[in-house]
Amino acid sequence: MTALFLLVGLPGAGKTTLARRLAVERRALRLTPDEWMLPLFGASDPDGRRDVLEGRLLWLALEALRLGTNVVLDYGCWSRAERSAIRCLTEAEGARFHLVHLPVTEETRRARIAHRWATTPSETFPMTEADIAFGRAHFEEPDATELDGSAADAPPPGWPTWREWAAWRWSSSG
């Protein structure tokens, strides 16, 4: 049975490092939006294009699952709704869903962000204090039910299915 591994955490948590390892170990397609945003647009989110790109990558991930290929999504997924949508879409394809949360201390995160910028500026985006604070303020930590897979959230009010919500959220995942 194919599987999708969704890596969840803030910048500097170690998602991309783990994603690279999982892709090799699980013979999986690795989808990391930052690696597309930089060469395509030179910025992390110019004019909302990141959401569109993430939507296209999500569609590609679901297609890969249908074809029998494991997938590692290196998204971060700050909201529970995003994670629930991806879980539902993955399971609708008959694949296993693995949420991989990478909690790290704020000190470790900041050190990794600084190190990444100092050593590989061509592979990353600069992060200001405001960017770091914004992430911390908006990140919804996964709870025990999400982590153990027993969470089965319904789509947000006004959305009949997770597929419809995901198509709206990521602009192009339909």
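Footprinting exposure proxy ranking of THR16, THR120, fewest other C-beta atoms within 10 angstrom first, gives THR120, THR16. Projected label points at HIS138 and PHE41, each 7 Å from Cα along the beta carbon direction, are separated by 1.2 nanometres.
Remark: PHE134, PHE139, PHE5 ranked as PHE134, PHE139, PHE5, counting other beta-carbon atoms within 10 Å and listing the fewest first. Note: relative contact order over the stretch 3-169, using C-alpha pairs below 8 Å and six or more positions apart, is 34 percent. With the simple spin-label model, which puts each label point 7 Å out from Cα in the Cβ direction, the TRP117 to LEU60 separation comes to 2.8 nm. Every pair of different Cα atoms in the stretch 70-174 enters the Kirkwood calculation, which places the hydrodynamic radius at 15.8 Å.
Secondary-structure-derived ellipticity at 222 nm for the chain, considering helices only, amounts to -15000 deg cm²/dmol, per-run term -39500 (n - 2.57) for DSSP H runs with n ≥ 4. Distance between the modelled labels on ASP148 and SER79, one decimal in nanometres: 2.7 nm (7 Å Cα→Cβ projection).
Over all pairs of different C-alpha atoms in the stretch 3-169, the reciprocal of the mean inverse distance, the Kirkwood hydrodynamic radius, equals 16.5 Å.
Laboratory data are not the source of any read-out in this text; all were calculated from the coordinates shown. This is a predicted model, so every value here is computed, not measured. A quick note on method: Cβ atoms are made from the backbone with ideal geometry, for glycine too, and the neighbour counts reach across all protein chains shown.
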